[in-house]
Every structure is written in C-alpha cells, then in structure tokens.
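The values are calculated or read from the model by the stated rules, or taken from the named source; none is laboratory data. These numbers were taken from a predicted model, which means no experiment stands behind them. Here the Cβ is made from the backbone with ideal geometry for all residues, glycine too, and neighbour counts use every protein chain on show.
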Amino acid sequence: MRLIFIRHGRTQSNVDHLLDTAFPGAPLDEVGLAQAQALPAKLAHEPIEVVMTSDALRAQQTGAPLARGLGVPLIAHPGVREIFAGDWEMRSDWLDYQGVILSWQTDPSTAMPNGESGYSFFTRFDRAIAELADDDCAAVVSHGAALFTWLAHRGNVEVGVDWRLGNTDTVVVEGRIGEWRIKSWAGRAIST
C-alpha cells in the first residue's frame, strides 16, 4: 500500500503562528486555496484511488480539488484531525504543546490540559488509516503536528525535530499496518 500524506494549505492561523487545533478551524486563505488547486497537477503521476481528509475545514478545502481533479472519492474523517491542544488553543507560544507531543515517545498517557493524550491520538489516527487498507494508493490530507507525530512513531525512520512540513508538502509512505516505511519527505528521498 502507498499513502501520500499531505499537509493542508495555508491559513491565516498559519501566518499568525496560532495553535489552531479545534474543529472546524480556520479556512484556507488565498495562498492556501491556490496551493490546493495545484495539487492535482503535482500528484497526477500517483495512482491515487481515494482522498481522505481531516474533517477540519482547511483539510477538506485542500483535498477537494485533488479528489475532483483525479475523479476519486473524498472522505472527511475526524480520525486524521490535528492533535487537540485543549486549553492551549489559539496560543502563539507552542512550546508546551510541542513538549507534550515529544513526551509521547516515552509516555503516551501524557495529555494537554483539557486536550488530547498520545493514546487517544494514536488510536484515532491508526483506526482512520486502517480504513484505507483495501486501497493500493490513497492520499491523506491532515495537519502538521498530527502528521509529524504519527510518522515519527510509525514510519520506521528517525524523524528529527527539524523535519518541518510546509503547507501542501507531501510525505510518501509504503507498507502495511504496523510496517510503514517513509519513502520521501517534502520531496526529499529517504533511505530506510
């Protein structure tokens, strides 16, 4: 199975560096809409059979032109939504949020205040990806922290903290449940 993970297009919250994790979230700005419109051409060489997006507005707006352009179904799924920040929502200081996420390497029971734990995040994201098991190739439009975190834990490669994903950057993963291998990260080939 081949998965093409895509970070959603740009929003005003991205520009303002705000921790925007609540549903439905900010819409794409003009740049983000243009980024989304460019995805069908960017990914035309991929044999994508379905596009799964987070149910957040920005993810659906990013995935819709891709699904439409490729003539494949679009599924909006809450399982691939951003990691919920709880009390830290809309902060411009991300250090506490990042600290909790990084702590999940050793203690996934840690949670954001009134937010999400590693256990709940990995359970929901894993279940959503498992729903794609019958597809040979799927695109998944999600969010920066969610993608980085899931891929760092499930991708069988040492993902460093400097592996940032820009808006509409892609990560290509191959394998099957429990045996994923990252093949490329934001256009950079990865050897595993």
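Among the conditions (1) under 16 Å from Ser103 (Cα atoms); (2) surrounded by fewer than 18 Cβ atoms within 10 Å (Cβ to Cβ), Arg154 misses just one, which is (2). Which one is nearest to Ala186 (Cα to Cα) among residues in the stretch 12-22 that are of a type outside the set (Gly, Ala, Ser) and in contact (Cβ under 8 Å) with a residue 60 or more places away in the chain? Per the criteria, the residue is Asn14. Here Gly25, Gly79, Gly32 are screened, and the one residue that is assigned to a helix (DSSP H, G or I) and within 29 Å of Pro113 (Cα to Cα) is Gly79.
Kindly indicate whether Thr53 is buried (at least 23 other Cβ atoms within 10 Å of the Cβ), touching a residue at least 12 places away in the same chain (Cβ under 8 Å) and under 18 Å from Cys137 (Cα atoms). In short, yes.
Residues in the stretch 110-138 that are farther than 15 Å from Ala76 by Cβ, part of a strand (DSSP E or B) and small (Gly, Ala, Ser): Ala111, Ser117. Here Val141 qualifies as assigned to a strand (DSSP E or B) and either under 23 Å from Met90 (Cα atoms) or touching a Phe, Trp or Tyr at 6+ places or on another chain (Cβ under 6 Å) (or both). Taken together, Gly63, Gly25, Gly32 contain a single residue that is in contact (Cβ under 8 Å) with a residue 40 or more places away in the chain and either loosely packed, with under 15 Cβ neighbours inside 10 Å or under 15 Å from Leu165 (Cβ atoms) (or both), which is Gly32. Scoring Gly166 on the criteria (1) buried (at least 16 other Cβ atoms within 10 Å of the Cβ); (2) closer than 23 Å to Ala85 by Cα; (3) not acidic (Asp, Glu) leaves a single failure, condition (1). What about Arg58, is it touching a residue at least 40 places away in the same chain (Cβ under 8 Å), surrounded by fewer than 16 Cβ atoms within 10 Å (Cβ to Cβ) and not hydrophobic (A, V, I, L, M, F, W, C)? It is false that Arg58 is touching a residue at least 40 places away in the same chain (Cβ under 8 Å), surrounded by fewer than 16 Cβ atoms within 10 Å (Cβ to Cβ) and not hydrophobic (A, V, I, L, M, F, W, C). Filtered by the rule that a residue be surrounded by 11 or more Cβ atoms within 10 Å (Cβ to Cβ) and under 19 Å from Ala152 (Cβ atoms), the stretch 66-98 gives Gly79, Val80, Arg81, Glu82, Ile83, Phe84, Ala85, Trp94, Asp96, Tyr97, Gln98. On the stretch given as the stretch 104-148, residues that are in contact (Cβ under 8 Å) with a residue 12 or more places away in the chain, out of contact with any strand residue (DSSP E or B) (no Cβ under 6 Å at 6 or more places or on another chain), surrounded by fewer than 18 Cβ atoms within 10 Å (Cβ to Cβ) and small (Gly, Ala, Ser) total 2. Is there a residue being modelled with pLDDT of 90 or more, on the phi < 0 side of the Ramachandran plot, among the polar types (S, T, N, Q) and part of a loop (DSSP other than H, G, I, E, B) anywhere in the stretch 158-172? Taking every residue of the stretch 158-172 in turn, at least one turns out to be modelled with pLDDT of 90 or more, on the phi < 0 side of the Ramachandran plot, among the polar types (S, T, N, Q) and part of a loop (DSSP other than H, G, I, E, B). The residue that is surrounded by the fewest Cβ atoms within 10 Å (Cβ to Cβ), counting only those in the stretch 3-20 that are hydrophobic (A, V, I, L, M, F, W, C) and in a loop (DSSP other than H, G, I, E, B), is Leu18.
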